[in-house]
Amino acid sequence: MPQNRYKAVLTGATGGIGQAIARQLAPQCEHLILLGRNEAKLASLQQELAATGAKIEVLAGDIGDTHTHQRLEALAKSTGGINLLINNAGTSQFKSFNEQSSDEIQGLLNTNLLAPMLLSKCLLDLLQKEAKAEIINIGSIFGYIGFPGFATYCSSKFGLRGFSQSLRRELSDTSVSVRYFAPRATKTPINSDTVMQMNAELKTESDTPEYVATELMKFLQTNAWEKKLGGKEAFFVFMNQLFPKLPDKAILGQLPIIKKYLKK
Ligand SMILES: NC(=O)c1ccc[n+]([C@@H]2O[C@H](COP(=O)([O-])OP(=O)(O)OC[C@H]3O[C@@H](n4cnc5c(N)ncnc54)[C@H](OP(=O)(O)O)[C@@H]3O)[C@@H](O)[C@H]2O)c1
């Protein structure tokens, strides 16, 4: 298997999961473009990954800004194209839906759903020039299970899954595949201390970002169209699809704990 087969773009590269992916992906890349907003973190990651032998480029910009997409497209063109786009940038908010402002709802949907859609669109021509290329959308177990306090976040990840499935089918006679990778709770800064404490009380298991990155690297070796992390979570998704009243009841039982943390 060639070691440098990927010409990749990774968004959210400065975050917990993003950095872990960058570290495991870089040795398999001819070139890797890292996108984030924090220039210092990007520069430090670029320096660290130089030793892998891959050509590491960085771009600082807001993923919600289409100007960033155009800059990324120009950079990808100048580096010789891309055959892998990982839409990983994302944000979350644990808050009662009724208390989220319109700006908060729109901002979250922009970053988690609209931005990966528009970035995929912007890079699609370049991806289609390759003999084989793929878009990996980093979703969530919350892209299958609606959960109290996360109505907007869950909507964004359900939406991203719908986008992934639709575009995958639309492009199924082309060289580009579109796949959905769904971590469960993971120990990164996206989860506030309140969410971490709630997860502990609910006995929700959390993975390390390194484990998530390792599973993503394994997923890249397969042709599966989606991957859910966590056996218990995958079973819960299955029950949610077939017998939704059972998760309804289980989550109703957890609601007093969830509401206690929503008030914090
Ligand atoms: N951690 C979990 O429990 C969990 C579970 C399931 C799925 N996920 C998904 O995994 C992905 C990575 O999350 P994470 O856990 O690694 O979170 P994280 O540590 O907070 O990292 C999020 C990354 O996204 C970037 N980002 C956020 N908003 C952006 C914007 N408007 N423009 C450009 N970059 C932006 C952040 O950049 P800055 O550093 O500039 O903010 C950061 O690099 C997300 O899509 C998340 O929904 C996470």
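Looking at region 120-137 only, could you name the residues that are assigned to a loop (DSSP other than H, G, I, E, B) and in contact with a Ser or Thr (Cβ under 8 Å, 6 or more places away or on another chain)?
Looking only at region 120-137, we keep the residues that are assigned to a loop (DSSP other than H, G, I, E, B), and these are 129-132.
If the condition is that a residue be assigned to a loop (DSSP other than H, G, I, E, B) and in contact with a Ser or Thr (Cβ under 8 Å, 6 or more places away or on another chain), then Glu130, Ala131, Lys132 are the ones that fit.
For region 29-44, give me the residue count where each residue is without any contact (Cβ under 8 Å) to a residue 40 or more places away in the chain and either surrounded by fewer than 23 Cβ atoms within 10 Å (Cβ to Cβ) or more than 20 Å from the chain's Cα centre (by Cα) (or both). Walk me through how you get there before you give the answer.
Just the residues of region 29-44 that are without any contact (Cβ under 8 Å) to a residue 40 or more places away in the chain, to begin with: 29, 32, 34, 37-44.
Now restrict to residues that are either surrounded by fewer than 23 Cβ atoms within 10 Å (Cβ to Cβ) or more than 20 Å from the chain's Cα centre (by Cα) (or both): 37-44.
Qualifying residue count, region 29-44: 8.
Is there a residue in region 70-80 that is part of a loop (DSSP other than H, G, I, E, B) and either more than 14 Å from the ligand (Cβ to nearest atom) or at pLDDT 95 or above (or both)? Even if it seems obvious, please write down each step before you answer.
To start, the set of residues in region 70-80 that are part of a loop (DSSP other than H, G, I, E, B) comprises 79-80.
Subsequent filtering for residues that are either more than 14 Å from the ligand (Cβ to nearest atom) or at pLDDT 95 or above (or both) retains 79-80.
Yes; the residues of region 70-80 include at least one that is part of a loop (DSSP other than H, G, I, E, B) and either more than 14 Å from the ligand (Cβ to nearest atom) or at pLDDT 95 or above (or both).
Just checking, how many residues over region 138-151 are within 12 Å of the ligand (Cβ to nearest atom) and either in a helix (DSSP H, G or I) or over 19 Å from Gln93 (Cα atoms) (or both)?
Start the filter on region 138-151 by keeping residues that are within 12 Å of the ligand (Cβ to nearest atom), which leaves 138-145, 147, 150.
Among the residues that remain, those that are also either in a helix (DSSP H, G or I) or over 19 Å from Gln93 (Cα atoms) (or both) are: 141-143.
Of the residues in region 138-151, 3 are within 12 Å of the ligand (Cβ to nearest atom) and either in a helix (DSSP H, G or I) or over 19 Å from Gln93 (Cα atoms) (or both).
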Among residues of region 142-166, those that are open to solvent by 20 Å² or more (accessible area, probe 1.4 Å), within 11 Å of Val178 (Cα to Cα) and touching a residue at least 40 places away in the same chain (Cβ under 8 Å), counted: 3
Take the conditions closer than 21 Å to Gly16 by Cβ, modelled with pLDDT of 95 or more and open to solvent by 10 Å² or more (accessible area, probe 1.4 Å) and apply them to Thr111. Does it pass? yes
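Among Thr214, Thr194, Thr208, which is surrounded by fewer than 18 Cβ atoms within 10 Å (Cβ to Cβ), of a type in the set (Ser, Thr, Tyr), away from the ligand (no atom under 11 Å from the Cβ) and farther than 25 Å from Lys260 by Cβ? Write out each step before concluding.
Details: Thr194 fails: farther than 25 Å from Lys260 by Cβ; Thr208 fails: away from the ligand (no atom under 11 Å from the Cβ).
Exactly one of Thr214, Thr194, Thr208 is surrounded by fewer than 18 Cβ atoms within 10 Å (Cβ to Cβ), of a type in the set (Ser, Thr, Tyr), away from the ligand (no atom under 11 Å from the Cβ) and farther than 25 Å from Lys260 by Cβ, namely Thr214.
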Flagged in region 167-191 as over 22 Å from Lys7 (Cα atoms) and either within 11 Å of the ligand (Cβ to nearest atom) or buried (at least 18 other Cβ atoms within 10 Å of the Cβ) (or both), in numbering order, are Ala182, Pro183, Arg184, Ala185, Thr186, Lys187, Thr188, Pro189, Ile190, Asn191
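The values are calculated or read from the model by the stated rules, or taken from the named source; none is laboratory data. Keep in mind the model is a prediction, meaning the values are calculated, not measured. All Cβ positions, even for glycine, are placed from backbone atoms using ideal geometry, and neighbour counts span all protein chains on display. The area values use the complete protein model at the heavy-atom level, side chains included, leaving out ligands, DNA and RNA. Shrake-Rupley method; radii C 1.70, N 1.55, O 1.52, S 1.80 Å.
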